[in-house]
Amino acid sequence: MRARLPLSLAALVFAGGLARDVGDAWIDRTALPALTVETGAEVTARDGTLLRAFTVGDGRWRLDPGPVDPGFIAMLIAYEDKRFHVHAGIDLWALLRAGWQAISSGHVVSGGSTLTMQVARLLEGSGTGRLSGKLRQMRVALALERRLTKHEILALYLRLAPYGGNLEGVRAASLSYFGKEPRRLTPAEAALLVALPQSPEARRPDRAPGAATAARARVLTRLAADGTLTEDRARAALTEPVPSSRRPFPALAPHLGDRLHREQPGSLHIATTLDPALQRSLESLAARTARTSPARASLAILVADHRTGEILASVGSPDWTDAARAGFIDMTRALRSPGSTLKPFVYALAFDEGLAHPETLIEDRPTAFGTYTPQNFDRTFRGTIPVREALQLSLNIPVVSLTEALGPARLLSALRKSGATPVVPGGEPGLAVALGGVGITLEDLVQAYAALARLGDPVHLTTDPGEAAKTGQRLFSREAAWLTADILAGLPPPANAPAHRIAYKTGTSYDHRDAWAVGFDGAHVVGVWMGRPDGASLPGAFGGELAAPVVFDSFARLGPAPVPLPPPPPATLILPNDRLPLPLQRFRPRGTALATAPGAPEIAFPPDGATIDPDGALALKVRGGTPPFTWLANGAPAILGARAREAALPPTGPGYLSLLVVDAKGKSATAKVTLLP
């Protein structure tokens, strides 16, 4: 230790010389190291909670410190550099004290380095044992004090101070050792964080708890002696155990965090709309569900507020580190077959077109659509049943009949209007799209159901809190959407779940490769997918048995009760079958006798397929048929009992319009037009 005496004396001489001889020009000529310190990117939740953090390029955990407990700052300055706020980078009194103590005792008792000198050393990565290194730190410290404020110098220390291993900075240390942000620290925690940077490897609490405890005790004892801490608080802090291990850094929504980090490589702070408590709860639900699921099965959950478009939770797999389940794959974005989950959109389009109504009777019998002969899932047929029952039972023949009448391209068009991007094998859609013969992601399926929940008005789902809600072209009328949601709300829920509060639909793809469930209430939409990421079959897996309970469990975590579904729009046709207009009492595919019977009415204006600028009310004209006439617009009654062959339809706004006229004998005609703004 006596070898250090010349160093202390040299420091004293150097400091004195500086005070007397070194001028401003010499300090100003100091070449400073880079003052911009790289910190890792962060992904945060809607309330600022850290969801995911990333290391800097060399693998070190170094984060922006953010708010730091003022008590820790006070302890740090009191212990390391009492005159930090008044000295110019070098504390001559501290140097004199350190030199005198070294001469008197024959060994180093205390250091003379200021916090500014420590920052200089950390910025340059220089050592402290050589005279040249100490002199360089003094010069850099003097220059730093001239170019930076005290607050900026302290901020650099809070970023760079070493805490053992690959931990740098107070925030990384606090998260790793205590599992908490440094904005609120106990005296014991703060004292440990003051002690560690002096000898970070020798005092690491996860490897040398005894040394860490002793170092912390020295800090607490001195701070109690100088009055920074009360004796009672210091004694209480001494009894608190030091952490025995490092904690993992937060990794909520890891798939989403990784994706956003890749998409925004230059962003250090990526804010999201995620609800951290909900995200944590649903990740726990996914992990619990996976433990009772078939081997190698994965699970994904997506929750959004369809009123705003904000995504509240995104679970890409039960465990992103589970290689056996390919947990690293984000299954919210994997292209899969949706099974029967697209059927509600076919029915909503059919209601909108005036082809059917929930109480319309439809046939569920063996049917060949050209060479396509679909079967029901259970290989049985129910005969003539109401459309409501056909959708609730998820029967295949009725929905394919409606898809044939609509044209499969109409279904794909509606999905695209919702913001989804369905992928059709071969590029040409066939009738099988209604039964899942299309590729779609969970994100896109939830996007489509958000539009259904909003009564046909789409909204762009996003995790960006700065992005305003974006809407698009309506998929179908509010009345058609409400009728569809009303049918789905009537499905029997899983055991112990509330009835008639959540509208939902399940689906199972071919050969049990995918099990789905999507549900919505008046505020939220929840989608769940289960299956194997490699596309292998899960024998016996059904959406209703596997995915639906997870949807209802997810809603239970959103609040004490589902938000009520909206009431029916004023023009909604809510009638029993026998009171419906004759064409709506029984579904007949286009081209059947009713549509082409002699004497049937024809819509003379507007012509089918026309694009019209109505400039107010839309003129309607019918020829043939027997008055009085009933006109339906987008499936809703618009003009009742008109004896004249000309009528005026009140403005409906721009967009797609489906017209249906029915005469006194129940014969009908249709026309589809596009109205300009």
Dipole check, the chain, charges on Cβ (K,R +1; D,E -1), about Cα centroid: among Ile329, Ala481, Gly165 the Cα furthest to the positive pole belongs to Gly165
Taking Cα atoms, the helix 115-124 axis meets the longest principal axis of the chain at an angle in degrees (rounded to 10) of 70
Label model pair Arg579, Thr230: point-to-point distance (7 angstrom along the Cα→beta-carbon line) in nm is 7.6
Rounded to a whole number, the Stokes-Einstein D of the chain in µm²/s (Kirkwood radius over Cα pairs; 37 °C; 0.692 mPa s) is 109
Residue span Arg382 to Ala561: 0.36 nm per residue of separation minus Cα-Cα distance leaves a gain in nm of 60.9 nm
Cα-Cα pairs in region 554-677 separated by more than 24 Å, as a whole percent of all pairs, come to 36
Using the Kirkwood radius over Cα pairs of region 610-677, the Stokes-Einstein translational diffusion coefficient at 20 °C and 1.002 mPa s, in µm²/s and rounded to a whole number, is 177
Here, Glu263 and Arg296, labelled 7 Å along Cα→Cβ, have an inter-label distance in nm of 3.1
The helix 396-406 Cα axis meets the longest alpha-carbon principal axis of the chain at an angle in degrees, between 0 and 90 and rounded to 10, of 80
For region 204-287, the Cα convex hull volume per residue in Å³ comes to 198
For region 438-570 the translational diffusion coefficient, Stokes-Einstein from a Kirkwood Rh over Cα pairs at 10 °C and viscosity 1.306 mPa s, in µm²/s, is roughly 102
To the nearest 20 debye, region 390-464 has a Cα-centred charge dipole, built from +1 on Lys and Arg Cβ and -1 on Asp and Glu Cβ, of 160
Proxy exposure order for Ser176, Ser284, Ser554 (fewest C-beta within 10 Å first) is Ser284, Ser176, Ser554
Quick calc, region 591-675, dipole around Cα centre from Cβ unit charges on Lys, Arg (+) and Asp, Glu (-), nearest 20 debye, gives 300
Relative to the chain, whose Cα atoms define the longest principal axis, helix 276-291 and its Cα axis are tilted in degrees, nearest 10, by 70
With the convex hull built on the alpha-carbon atoms of region 255-325, volume per residue in Å³ sits at 101
Whole-percent tail of the Cα-Cα distance distribution for region 114-241, cut at 19 Å, equals 54
Among Pro568, Ala600, Gly625, the residue whose Cα sits farthest towards the positive end of the charge dipole of the chain, when +1 is placed on the Cβ of each Lys and Arg and -1 on the Cβ of each Asp and Glu, is Pro568
Placing each pseudo-label 7 Å from Cα in the direction of the beta carbon, Leu32 and Leu393 end up separated by a distance in nanometres of 7.9
Of the candidates Gln392, Ala638, Phe520, the farthest towards the positive dipole end of the chain (Lys/Arg Cβ +1, Asp/Glu Cβ -1, centred on the Cα centre) is Phe520
Computed about the Cα centre, the charge dipole of the chain from +1 Lys/Arg and -1 Asp/Glu charges at the Cβ has a magnitude in debye, to the nearest 20, of 1460
Rounded to the nearest 0.05, FRET efficiency between Arg365 and Arg184 (Cβ-Cβ, R0 56 Å) equals 0.20
The residues Trp516, Trp93, sorted from fewest to most surrounding Cβ atoms within 10 Å, come out as Trp93, Trp516
Binned at 5 Å starting from 0, the alpha-carbon pair-distance distribution of region 479-524 in whole percents comes out as 5, 20, 25, 23, 14, 10, 3, 0
The alpha-carbon center of region 424-462 and that of region 188-267 are separated, in whole Å, by 50
Whole-Å distance linking the alpha carbon centroid of region 34-97 with that of region 484-531 is 49
Only helices counted: for the chain, with every DSSP H run of 4 or more residues adding -39500 (n - 2.57) and the sum spread over all residues, [θ] at 222 nm is -10500 deg cm²/dmol
Beyond 16 Å, the calculated P(r) of region 377-420 holds a percent of Cα-Cα pairs equal to 48
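Starting from the Cα coordinates of region 219-338, work out the convex hull volume and express it per residue in Å³. Intermediate results must be reported in sequence, preceding the final value.
Values: hull volume 26.0 nm³, N = 120.
Considering the Cα atoms of region 219-338, their hull volume per residue is 217 Å³.
Read-outs throughout are calculated quantities, based only on the coordinates presented, and are distinct from any laboratory measurement. In this text the structure is predicted, and so the values were computed from the model without any measurement. Every residue, glycine among them, receives a Cβ derived from its backbone with ideal geometry; neighbour counts consider all protein chains shown.
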